[in-house]
Structure formats: C-alpha cells, structure tokens
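The values are calculated or read from the model by the stated rules, or taken from the named source; none is laboratory data. Predicted, not measured: the structure shown is a model, and the values here were computed from it. In this analysis, Cβ positions are derived from the backbone assuming ideal geometry, glycine residues included, and neighbour counts consider all displayed protein chains. Just so you know, the surface numbers come from the protein's heavy atoms only, side chains and all, with ligands and any DNA or RNA stripped out. Shrake-Rupley method; radii C 1.70, N 1.55, O 1.52, S 1.80 Å.
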Amino acid sequence: LNLVELLLRKEGPLQVESLMKYVDTALESSSRAAEMTKQLLTLSRKSELKLAPVDVTLSLKHVLKLCQNSFPKSVELDFHIGEKPLRVQADPLQIEQVMLNLCINASHAMTIMRPERGRHGGVLTVQTEKVDCDRNICARHPDARPGIPYIMIRVSDTGVGMDEETSRQIFDPFFTTKKQEEGTGLGLAIAYGIVEQHGGFIDVYSEPGKGSAFNVYIPALNDISPEQRPGAARANIITGSGKILVIDDENAILHIARGMLEQCGYEALTAPSGPEGIEIYMREHASIDGVLLDLAMPGMSGLELFKYMKEIYPGVKVLLTSGLMENEDIRTAMALGVRGFLQKPYSVEELSLKIKEVLG
Ligand SMILES: Nc1ncnc2c1ncn2[C@@H]1O[C@H](COP(=O)(O)OP(=O)(O)O)[C@@H](O)[C@H]1O
Ligand SMILES: [Mg+2]
C-alpha cells in the first residue's frame with residue numbers, strides 16, 4: 001500500500017495534524033515540505049469530492065489559459081479544443097488539476113529536464129476524444145471496462161522521454177528525477193489518485209529522447225445514461241445489469257426500490273407480499289439474478305420466504321432489508337446464507353453498492 005492509496009482509502013477527512021506530522025518527519029527542506037503539505041491536503045479532501053456533469057472541453061480551455069500564462073515561450077502549446085461538449089461525471093477542479101499536472105510535466109520534459117537545460121523547448125499537444133476501450137488497453141488495465149465509452153485526454157510532449165525503469169515508478173508518491181526545488185514527486189501520484197476515484201485510468205507511452213504521451217481515460221456521461229437524469233447529479237452510483245425481484249409489503253418502498261434499481265441499470269420485478277414473491281420466483285427464477293427482500297412482513301417473514309426460495313433454487317442471491325435490524329436476526333440470516341443486509345431507509349448509492357456485492 002503506498003501513501004496515496006492509504007490516503008485515498010480513508011473514509012472521512014484525514015486529520016490535518018497527523019498529515020502535518022507525517023510531512024514534518026518525512027522531510028527536511030522546509031519549502032519542499034510546504035509544497036508537499038499543500039498537495040497532500042488536496043488528497044485528503046477526498047470526502048469533499050463534488051461530482052457533477054463536467055464538460056472536459058471547458059476544463060481544457062481553463063488549463064490552456066494557465067499554461068499560456070506560466071510556461072516558457074519555448075514550449076509551443078498545441079491544444080486541440082473541439083466544439084462538442086465531452087461530458088464526464090467529475091469534480092471539475094480535480095479534473096483540471098490532473099490535466100495541469102500532466103502539462104507541467106510535459107513542459108519540464110522539454111525544458112529543465114533536458115541535459116542542456118533551458119531554451120530548447122518543444123511541442124505540448126493536448127487532444128480529447130470520446131472512445132471505447134480497445135482490447136489492447138483493456139488487457140493492460142484491469143480497471144478498464146470494455147464496451148463503455150470513455151473521454152480520453154491525451155497530453156503529449158516532444159521532450160526527453162523516459163526509460164522503462166523510470167516509467168515503472170512515476171506514479172509512486174515522492175518519486176522524482178528532478179532537483180529538490182523543481183519536483184515533489186507527487187504530481188502523478190495525485191493525478192493517479194484522482195483519475196482512479198473517477199472510475200478511470202491512465203495509459204502511458206514514452207520513448208527516451210523522443211517524448212511521452214499520457215492518456216487519461218474517464219468514463220463518459222452518455223446523453224441517455226441514467227446518471228444524467230435530473231436529481232442524480234450528486235449520485236455516486238455503481239451501475240450493473242440483471243433482473244432483481246423486490247418483495248416488500250409497502251407499495252411506496254416497491255416503487256422507490258424499482259426506481260433506484262432502474263437508475264442503477266437493473267431491471268426490477270416487484271411483489272407486494274411474500275406469497276406473491278414466491279409465486280414470481282417459482283415461475284421466473286431462471287431469469288432472476290437477485291432478490292431484494294424485506295425482513296419484516298406480515299404473514300410470512302423474510303427469513304421464511306428465504307428458506308422457500310432456497311428450496312426452489314439453492315443459489316438464490318438475497319439482499320435483506322429492514323428498518324429495524326437486530327443483531328440476532330442478522331446472525332440467523334447469515335447462518336442461513338443471506339448474502340447481505342441493507343438498513344432502511346437507504347440511498348441509491350448504498351443500494352447500488354450492496355446489490356453489486358450480493359450479485360458478486
Ligand atoms: N512528460 C514527462 N516526460 C518525462 N518524464 C516524465 C514526464 N512526466 C513525468 N515524468 C517523470 O516522472 C517523475 C514523477 O513525476 P511527478 O509525479 O509529476 O513528480 P515531479 O514532477 O514533481 O518530479 C518525474 O520526476 C519525471 O522523471
Ligand atoms: Mg510533476
């Protein structure tokens with residue numbers, strides 16, 4: 001586990017004090033420490049991630065301005081900014097930070113990283129494109145999902161490039177080949193963390209003496225995708241597919257659960273009572289991937305129902321829900337083979353996560 005992973009895995013916001021302490025002991029140079037602290041604090045703000053539809057084309061325009069204002073004139077900026085919006089579900093500031101970190105590295109690779117330093121320069125090219133992940137890329141990146149559209153942002157330079165040994169380490173926090181004042185080794189670690197949080201990945205190509213290309217892939221927002229429906233902008237839902245049977249004696253819950261499941265990409269069947277649930281399950285279990293089951297129903301309890309369904313099909317995947325979940329019920333259900341629990345009331349995010357876990 002590297003530092004960034006550690007930071008990103010924390011649930012809540014990190015204690016600023018413990019971060020400071022870490023940075024203090026890890027570093028001697030005070031100015032370097034200050035810069036790192038700033039960057040580490042960016043990482044620790046994970047819980048404040050504000051996801052909303054973001055147009056990458058617009059982000060790119062902002063980044064271009066920043067580059068024009070701060071890079072040496074020897075770095076020629078070749079930004080291909082199209083007219084079409086390229087939408088992703090993202091934190092807009094973080095996406096800009098990823099692009100900026102890559103552009104700064106590209107600029108360095110053509111100036112201060114050259115053996116003769118200074119002047120030489122080169123061309124910094126940025127391109128964006130909506131793509132599907134091809135097989136080569138999917139094979140290299142376990143996180144890549146074939147068949148879903150991604151927005152790709154390519155930042156390439158004609159700088160010094162990297163050998164294989166360097167390439168292997170570039171995403172490690174604090175790995176840098178630059179002088180103390182020029183690098184912290186955190187730029188790419190941070191970019192990696194951000195992109196990963198957005199469900200994306202980074203593909204790198206480089207050749208010593210020729211240059212480098214960093215391709216950032218972030219899942220695209222489709223115009224017909226459920227994430228874009230009004231009210232879903234904040235939702236951090238995990239999508240899936242398959243047919244889910246919802247059994248609950250409250251009609252309102254059935255209605256809400258169906259809406260949520262559809263929002264997550266599932267198809268939902270609903271049954272307003274235990275016996276009706278069993279009837280549907282008996283008839284259609286071959287096409288039902290999972291069951292969302294209310295624990296407390298009049299007549300036949302969720303657990304009894306579960307036993308019947310297990311007789312119909314022993315591999316039945318059940319996610320139990322309840323407003324009042326006693327530890328004892330949970331233990332009993334676990335022993336019987338229920339796959340998961342969800343406390344009512346639940347959010348679409350919670351449901352999407354649990355149902356994915358249960359379906360395995
Ligand atoms: N475009 C690039 N061309 C050549 N080397 C690069 C490029 N981008 C990153 N690197 C290498 O990766 C290292 C880590 O980059 P980064 O995490 O941004 O830290 P820093 O820029 O502070 O050194 C750099 O020190 C450099 O050796
Ligand atoms: Mg950097």
Exactly one of ASP163, ASP143, ASP157, ASP134 is of a type in the set (Asp, Glu), more than 13 Å from ligand 2 (Cβ to nearest atom) and at pLDDT 95 or above, and that one is ASP163
Subset of region 293-320, residues open to solvent by 10 Å² or more (accessible area, probe 1.4 Å) and not in a loop (DSSP other than H, G, I, E, B), comes to LEU303, GLU304, LYS307, TYR308, LYS310, GLU311, ILE312
Cross-chain or 6+ apart pairs with Cβ under 6 Å, region 170-185 first and away from ligand 2 (no atom under 12 Å from the Cβ), then β-branched (Val, Ile, Thr): none
Residue under evaluation LYS179, criteria (1) buried (at least 16 other Cβ atoms within 10 Å of the Cβ); (2) within 10 Å of ligand 1 (Cβ to nearest atom); (3) over 22 Å from THR125 (Cα atoms), criterion not met: (1)
So MET113 ticks every box in (1) closer than 17 Å to CYS67 by Cα; (2) within 8 Å of ligand 1 (Cβ to nearest atom); (3) open to solvent by 30 Å² or more (accessible area, probe 1.4 Å) but one. Which box is left unticked? (1)
Just need a number here: residues in region 272-292 that are part of a helix (DSSP H, G or I) and surrounded by fewer than 21 Cβ atoms within 10 Å (Cβ to Cβ). 11
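In region 184-208, how many residues are assigned to a loop (DSSP other than H, G, I, E, B) and more than 11 Å from ligand 1 (Cβ to nearest atom)?
Step one: filter region 184-208 for residues assigned to a loop (DSSP other than H, G, I, E, B), giving 184-186, 198-200, 208.
Within this subset, residues satisfying the condition of being more than 11 Å from ligand 1 (Cβ to nearest atom) are 198-200.
So the answer is 3.
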Considering only region 52-84, state which residues are hydrophobic (A, V, I, L, M, F, W, C) and over 15 Å from VAL155 (Cβ atoms). ALA52, VAL54, LEU58
With respect to the numbered conditions (1) surrounded by fewer than 14 Cβ atoms within 10 Å (Cβ to Cβ); (2) at pLDDT 85 or above; (3) under 19 Å from ALA191 (Cα atoms), which one is the sole condition not fulfilled by LEU60? (1)
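Scan region 120-141 residue by residue and report those that are assigned to a helix (DSSP H, G or I), surrounded by 14 or more Cβ atoms within 10 Å (Cβ to Cβ) and either in contact (Cβ under 8 Å) with a residue 24 or more places away in the chain or not assigned by TED's automatic domain parsing to the domain that holds VAL155 (or both).
Residues satisfying the conditions are HIS120, ILE137.
This table checks each residue for (1) modelled with pLDDT of 95 or more; (2) under 26 Å from GLU349 (Cβ atoms); (3) more than 25 Å from the chain's Cα centre (by Cα).
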position: SER206; (1), (2), (3): yes, no, yes
position: GLU227; (1), (2), (3): no, yes, no
position: ALA232; (1), (2), (3): no, yes, no
position: ALA235; (1), (2), (3): no, yes, no
position: SER241; (1), (2), (3): no, yes, no
position: LEU245; (1), (2), (3): yes, yes, yes
position: ASN251; (1), (2), (3): no, yes, yes
position: LEU261; (1), (2), (3): no, yes, no
position: SER273; (1), (2), (3): no, no, yes
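Kindly evaluate GLY159 against the criterion of being over 16 Å from LEU93 (Cα atoms) and either touching a residue at least 12 places away in the same chain (Cβ under 8 Å) or open to solvent by less than 50 Å² (accessible area, probe 1.4 Å) (or both).
Spelling it out, GLY159 is indeed over 16 Å from LEU93 (Cα atoms) and either touching a residue at least 12 places away in the same chain (Cβ under 8 Å) or open to solvent by less than 50 Å² (accessible area, probe 1.4 Å) (or both).
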In this structure, does MET99 turn out to be assigned by TED's automatic domain parsing to the domain that holds LYS73, among the hydrophobic types (A, V, I, L, M, F, W, C) and part of a loop (DSSP other than H, G, I, E, B)? no
Return a yes/no flag: does region 151-168 have any residue that is of a type outside the set (Lys, Arg) and more than 15 Å from ligand 1 (Cβ to nearest atom). yes
